[in-house]
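Remarks on the structure that follows.
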Amino acid sequence: MIFSKDKIDKLQQFINGTPKKIVLLAHTNPDGDAIGAALAWRRYLERLGHTTMCIAPNRYPYFLEWMRDIPYINVFKEDTEGKMANFISKADLIFCMDFNQINRLEGLSDTVSASSAPTILIDHHLNPPQEEYDLVFSDPSASSTSYIVYNLIVTLASEEALDYPMAESLYVGFMTDTGNFSFSNLTADLFRAVAVLIDKGINVPTINSAVYNNFSEGRVRLLGYLLNDKMVTLFEYGVAYMALTEEEMRRFNFKAGDSEGFVNYPLTIRGLNMSAMFSEHKNFIRISFRSRGNVDVNVFARRYFNGGGHRNAAGGKSFLSMDETIKKFNAAITEYFGDASSNGNIIPPDVIP
Ligand code: 5GP
Ligand code: MN
């Protein structure tokens, strides 16, 4: 990954020199990548002498609680004293990590929009709105934002600049955003970066276990229930979906992050290329989309559910009831995939590369 010398120079102008107050923002429902990228970048900025604050709009999943640097993540929703809003209002510089639309900050959007501090984007989602930022480090071919942060640190300084907690944070980002190194964009350079992180002392099986074998009993039972009782398959379109209601969340002692990854399971079924998961929230339904190959859920999420993301992983929202949302989804599927025959491998004409 190569960013232009001009961009790197501009970044250096922002972060070299007098100490600044710097905010690092992660997106709503922060995942391992948003958290990992923010924590590693935070350490680098602190080392340059800056005062930093990492802020996520809401709480990170509990299976990241073991991370060495997790105490540095501040949760805006839990900011009873206005400490975070105050820091943002006085900030000299803001970094947006792992998202590119300010509306993905939900409750934090207004506070951030009100700030006049320069804003720098570090992200790997498609279609960044360049005009909204003072500087953009966007690489949609990067498998994670953490991998972009890795490259920035190595470019600005060297591998020597990476310490153990940075390596741990970056590895969590690499691992979680690639589905444990199983999705696309797995380059040789990515694995060379992993080798560097291992040299810094991270233990791959320990981190793997800390993230993936650390769930509550409720989560595993909920998964079983959803797959058995709730999953709907539309083989004629190669599509499956599941819906999770608030009542079901209560029944299974749901905690933030418990449904993370559920949307991937239907894609382990032969003949299915797209999966959707609907989760009921107080005022809206959150939707996660995953796909395989050329089926483009980024386009689908943008077109029908006011969302976006990547070709094979995207999300969106619906403000209709669950029943109406599912009705809309079914109609959207019919329109998007056209009159399907039955091979489950249909590729919408507009997404053939
Ligand atoms: P997840 O299903 O894990 O919440 O999200 C999958 C991917 O889609 C992530 O890369 C996430 O950043 C992106 N995404 C999720 N929800 C939204 C949304 O509402 N808008 C946009 N633009 N991207 C989203
Ligand atoms: Mn990411």
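Considering region 279-334 alone, what residues qualify as being charged (D, E, K, R), touching a residue at least 40 places away in the same chain (Cβ under 8 Å), away from ligand 1 (no atom under 12 Å from the Cβ) and touching a Leu at 6+ places or on another chain (Cβ under 9 Å)? Within region 279-334, just E280 meets the criteria.
Looking across region 20-58, the residues that are out of contact with any helix residue (DSSP H, G or I) (no Cβ under 7 Å at 6 or more places or on another chain) and open to solvent by 30 Å² or more (accessible area, probe 1.4 Å) come down to K20, N29, E46, R47, G49, T51.
Within the set of pairs 6+ apart or on separate chains, which have a first residue in region 13-29 that is closer than 13 Å to S115 by Cβ, a second that is open to solvent by 50 Å² or more (accessible area, probe 1.4 Å) and in a helix (DSSP H, G or I), and C-beta atoms under 8 Å apart? That search, which allows pairs on different chains as well, returns K21/K90. If we scan region 127-144, do we find a residue that is farther than 13 Å from L25 by Cβ, crowded, with 22+ Cβ neighbours inside 10 Å and of a type outside the set (G, A, S)? Yes, some residue in region 127-144 is farther than 13 Å from L25 by Cβ, crowded, with 22+ Cβ neighbours inside 10 Å and of a type outside the set (G, A, S).
Taking the numbered list (1) farther than 17 Å from I70 by Cβ; (2) surrounded by 15 or more Cβ atoms within 10 Å (Cβ to Cβ) in turn, P205 passes all entries but (2). Against the numbered list (1) open to solvent by less than 70 Å² (accessible area, probe 1.4 Å); (2) in contact with a Leu (Cβ under 9 Å, 6 or more places away or on another chain), D79 comes up short only at (2).
Conditions (1) under 30 Å from N253 (Cα atoms); (2) not charged (D, E, K, R), marked per residue:
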| site | (1), (2) |
| --- | --- |
| A167 | no, yes |
| G173 | yes, yes |
| T178 | yes, yes |
| R192 | no, no |
| K200 | no, no |
| V220 | yes, yes |
| G224 | yes, yes |
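Taking the criterion of being closer than 30 Å to Y147 by Cα and buried (at least 20 other Cβ atoms within 10 Å of the Cβ), would at least one residue in region 226-249 satisfy it? No, the conditions are met nowhere in region 226-249.
Taking (1) away from ligand 1 (no atom under 16 Å from the Cβ); (2) closer than 30 Å to N213 by Cβ; (3) open to solvent by less than 70 Å² (accessible area, probe 1.4 Å); (4) in contact with a helix residue (DSSP H, G or I) (Cβ under 7 Å, 6 or more places away or on another chain) in turn, M97 satisfies each apart from (1).
Within region 108-129, is even one residue part of a helix (DSSP H, G or I), away from ligand 2 (no atom under 16 Å from the Cβ) and hydrophobic (A, V, I, L, M, F, W, C)?
Looking for residues that are part of a helix (DSSP H, G or I), away from ligand 2 (no atom under 16 Å from the Cβ) and hydrophobic (A, V, I, L, M, F, W, C), one finds at least one in region 108-129, hence yes.
R270 meets each of the listed conditions (1) surrounded by fewer than 13 Cβ atoms within 10 Å (Cβ to Cβ); (2) over 25 Å from F181 (Cα atoms) apart from (2).
The values are calculated or read from the model by the stated rules, or taken from the named source; none is laboratory data. Bear in mind the structure is a predicted one, so any value in this text is a computation, not a measurement. FYI the Cβ positions are ideal-geometry reconstructions off the backbone, even for glycines, and counts take in every protein chain you see. When the accessible area is computed, the model is the full protein with side chains, heavy atoms only, and any ligands, DNA or RNA have been set aside. Shrake-Rupley method; radii C 1.70, N 1.55, O 1.52, S 1.80 Å.
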